[in-house]
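For reference, the structure discussed in these notes is given below.
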Amino acid sequence: MKYRKRIIDNDLNSREQAFGGINIVGPKGCGKTRTAKERCKSIVEFQNEDKRDSLLYIAEISPSSLLNDKKPILFDEWQDAPKIWGTVRAACDNEDCFGEYYLTGSSSKYIDTPHSGTSRISTVEMLPMSLYESGESNGLISLSGLFNNQQTKIDGIKNSLDIPGLIYPACRGGWPKTLAIKSKEAKLLVAKDYFKQIFQEDISRIDHVKRNPDWARAILKSYARNAGTLVKKEVIYKDASSSTGMSEDTFDIYVDKLKQLYVIDDIEAWYPQIRSEKALRSPLKRMFIDPSIAIAALGVSPSYFIHNLDTFGHIFESLVFRDLKIYSSSFGGTLSHYHDAYGLEVDGVLHLEDGRYALVEIKLGGQRIQSGIDNELKICRLIKEANEKGKGLKIPEPSFLMVVTGTEYAYRSREGVFVVPIGCLKD
């Protein structure tokens, strides 16, 4: 299958100019190896059964001899030969070494390396495909473009994704393997199988500690029921332990391993002192790295959501967060959310390294779009009031306000807020 360019490719181009080695991490099946292969002239695959024994033997007794092929060299599943990390790190001490080595591996194999690789091996996180990368967003509205030009004209820009057209890719997920599968029903099996592997195998493989698959599955199901919400850890623990009897310490360990596996992807809170320190709250927004994992955990099909759009609203938020993280990563963006003791909240806050930020509400459609606009405007008023009072550091005003929707047309509201269908967005 022809390689489909990924947004991370531009980031990798930059890292090749600054580091000798690049370690691509992320969830299993997100396309790490395929992307690295496109960039390398030599490939050492430690999972190749025809060569595995000899490669592992060489990697154990003389790992530096594997560095003699044409550069760049990819070491796939390098965790099976952990000496490769130190060998590549040492090779990168050469001041003329830039972009010569790539390392990829499974998220279910954790290796505690003796050296971090700082300044030599750069680690970059890769996510599943966004709707733009899978070809389902037309990409007519650029997220970076909105930051650089707040007068961008978007009125009347149309996307082709209706509600069923959003439900299906959310259930299928952003897994590159699905691009080669012809049957729509068969595509859905990829996320279902991935979900089973998480609790049946990966939760124990990551550090070779046998764990109870039923407990892991219970945690994933509880997380799925609370996806896109600010529910406290205690609530998820109570739900997951009601049928398992696991202790809270065990629960914490399982959740930590699920994060290491790039399955759970909680979103941190934003802490501006808009009102007072007492008003600040720091709940995590419960998210998965891809909405398809939550749907697989719930055990429902695309047709289920047609009659349960409120439930899909939470899944839609997970889908948008995934895509916003991917798009903003290309220009140094990070995501958080806002929630205070007075009940005021905004779904997302998109921050850039230069201090600029945008407020983002996520609304599937209907009258809720206006409520999202009102929320953002209220926060803007509070920021102005806090700055006028002159207490503490001034809070910069957002570069722009945006509501991401599942509707057909993009437009700018009379209040100046960008209303953007997710099917029109790109980096």
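Here is how the numbers come out for the structure above:
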| read-out | value |
| --- | --- |
| Tilt relative to the chain, helix 52-61 - C-alpha long axis, 0 to 90 degrees, to 10 | 80 degrees |
| Accessible surface of residue 325 - all protein chains present, 1.4 Å probe, nearest 10 Å² | 50 Å² |
| Solvent-accessible surface ranking, highest first, for 337, 351, 314 at 1.4 angstrom | 314, 351, 337 |
| Nearest-10 value in Å² for the accessible area of residue 104, using the 1.4 Å probe | 0 Å² |
| Between 0 and 90°, nearest 10: helix 184-197 axis offset from the chain longest Cα axis | 70 degrees |
| Which labelled figure in [x] -0.66; [y] -0.76; [z] -0.85 is log10 I(q)/I(0) by the Debye sum over Cα atoms at q = 0.10 Å⁻¹, once derived from the coordinates | [y] |
| Relative contact order of the range 1-101, pairs being alpha-carbon contacts under 8 Å that are 6 or more residues apart, as % | 37 percent |
| Residue-normalised accessible area of the chain, given per residue in Å² at a 1.4 Å probe | 46 Å² |
| Difference of contour (0.36 nm per residue) and Cα-Cα distance, residue 163 to residue 47 | 37.7 nm |
| Inter-site label distance for residue 144 and residue 393 at 7 Å from Cα along Cβ, in nm | 2.6 nm |
| Surface share of carbon and sulfur [accessible, 1.4 angstrom probe, percent] for the range 1-80 | 45 percent |
| Stretch gain in nm, segment residue 341-residue 232, where the contour uses 0.36 nm per residue and the Cα spacing is subtracted | 37.8 nm |
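The values are calculated or read from the model by the stated rules, or taken from the named source; none is laboratory data. All of these numbers come straight from a predicted model, not from anything done at the bench. Heads up, the Cβs are rebuilt from the backbone with ideal geometry, glycines too, and the neighbour counts pull from every protein chain shown. We work out accessible area using only protein heavy atoms, side chains counted, and drop any ligands, DNA or RNA first. Shrake-Rupley method; radii C 1.70, N 1.55, O 1.52, S 1.80 Å.
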